[in-house]
Structures are given as C-alpha cells and as structure tokens.
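Below you'll find the structure, written out as structure tokens, and then a few comments.
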Amino acid sequence: MVKFDSTSRLFSIRTKVILTQTDTTVGFLSQNGTKLSQIKSRSSEKPFIKVYINFKALKDDNIRIPNSKKNLVRRIKKTTFIVKNRSFRVAQTKLHSAILRELTWNYSTSANENTKDFSRIFCEEKADIIIEDKNRLFQNDASKLYKINNKQIERLR
C-alpha cells in the first residue's frame with residue numbers, strides 16, 4: 001500500500017516522511033532531519049542514524065571506516081555503527097519499492113512517539129508516504145549499536 005497526501009507525484013520525495021518496515025523494525029525514513037525531529041518531539045541537536053542503500057553510497061558520503069574494522073562492517077547485519085560521532089547503517093531494502101531505490105540514503109528513526117511503543121494511528125497521521133508489503137508493519141528489536149575506532153569496539157545497545 002502506498003499513500004500520497006499530495007498530487008505532486010514524488011516531486012519533493014527528499015522532504016517527505018516515509019513509514020515503512022526497515023531491516024530491523026518499523027520506522028520513519030526521510031532526508032529531512034528537522035521534520036523527523038518534530039514528529040518525534042526531540043531536540044534537533046540529537047543526530048539521527050543515516051541508513052545507506054549500499055557501501056558505495058556510504059563511501060560517497062566520506063565516512064571513513066578504520067581498515068581493521070571494514071570487514072566487520074561489511075559482514076554484520078542489522079547493526080548501526082558510530083565512527084567519529086557519525087552513526088550509520090547499510091541496509092539494502094527488501095521491499096521492491098521504486099521510491100526507496102531512488103534514495104541512496106535516509107535518516108532513520110523508530111516509528112513511535114518518544115519512549116512509547118508503535119502505534120499505527122500515530123504513524124499514519126505523521127507519515128506522508130506509507131510503504132508496506134504483504135507482511136504488514138510490525139515492531140521488532142532495534143539494531144545493535146557499536147562505537148568503533150582504530151583500536152576498539154564498544155557496544156552501546
């Protein structure tokens with residue numbers, strides 16, 4: 001199911017908030033961090049996880065992963081990494097959505113009110129576009145979170 005609030009036919013997709021099942025849980029995706037901050041009622045100073053469609057997009061954004069940790073980042077799934085205070089995850093979408101394939105990266109956050117569980121009613125009110133497949137939208141565990149540098153790996157979540 002895809003819901004559009006405007007007739008502009010994806011003209012400004014980069015400013016839209018998309019509700020979809022991510023690789024980990026149901027989430028909001030957008031390239032507009034300000035809009036996501038308003039939806040989640042959180043400080044605009046707190047950064048969002050940046051989800052890339054592939055490793056080429058990650059490299060194009062000038063995120064340098066320490067050589068000793070590159071293999072780990074490529075291999076491990078459903079995991080968010082923090083390198084030099086930039087959080088990211090590489091997650092190829094399983095949905096065959098033309099919308100998501102067009103965007104090489106998105107900010108990502110769980111689809112819920114701050115500190116509350118997933119509510120479909122809340123999410124449908126806040127999202128501009130809803131993408132779901134036959135499995136519907138469901139809450140699941142968040143991604144693991146690791147802070148990495150040249151010398152160590154620290155699990156934060």
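Structure notes:
- Residues of the range 55-91 that are free of Cβ contacts under 8 Å to residues at least 40 places away in the same chain and of a type in the set (S, T, N, Q): 62, 67, 71, 85.
- Selected residue (criterion: surrounded by the fewest Cβ atoms within 10 Å (Cβ to Cβ)) from residues of the range 93-112 that are part of a loop (DSSP other than H, G, I, E, B) and modelled with pLDDT of 80 or more: 104
- Failed item in (1) within 23 Å of residue 153 (Cβ to Cβ); (2) of a type in the set (Ser, Thr, Tyr); (3) free of Cβ contacts under 8 Å to residues at least 24 places away in the same chain, with residue 119 passing the rest: (1)
- Taking (1) exposed (fewer than 15 other Cβ atoms within 10 Å of the Cβ); (2) at pLDDT 85 or above; (3) under 16 Å from the mean Cα position of the chain (by Cα); (4) of a type in the set (Asp, Glu) in turn, residue 128 satisfies each apart from (1).
- Criterion applied to 116, 84 was being more than 20 Å from residue 30 (Cα to Cα), of a type in the set (D, E, K, R) and either at pLDDT 85 or above or surrounded by 14 or more Cβ atoms within 10 Å (Cβ to Cβ) (or both), and the one residue passing it is 84.
- Filter pass, residue 63 being of a type outside the set (D, E, K, R), closer than 20 Å to residue 150 by Cα and at pLDDT 90 or above: no
- Sole exception among (1) part of a helix (DSSP H, G or I); (2) touching a helix residue (DSSP H, G or I) at 6+ places or on another chain (Cβ under 8 Å); (3) touching a residue at least 40 places away in the same chain (Cβ under 8 Å) for residue 35, by number: (3)
- Residue within the range 75-92 that is in contact with a Gly (Cβ under 9 Å, 6 or more places away or on another chain) and in a loop (DSSP other than H, G, I, E, B) present: no
- Of the residues in the range 51-61, none is among the small types (Gly, Ala, Ser) and assigned to a loop (DSSP other than H, G, I, E, B).
- Scanning the range 37-58 for residues that are of a type in the set (A, V, I, L, M) and surrounded by fewer than 18 Cβ atoms within 10 Å (Cβ to Cβ) yields a single hit, 57.
- Residue list for the range 15-29, filter: of a type in the set (D, E, K, R) and more than 10 Å from the chain's Cα centre (by Cα): 16
- Test: residue in the range 115-124 that is at positive phi and either aromatic (Phe, Trp, Tyr) or within 14 Å of the chain's Cα centre (by Cα) (or both): no
The values are calculated or read from the model by the stated rules, or taken from the named source; none is laboratory data. Here the structure is a predicted model, which is why all the values come from computation and not from measurement. Neighbour counts are summed over all protein chains in view; Cβ atoms, including those assigned to glycine, are modelled from backbone coordinates with ideal geometry.
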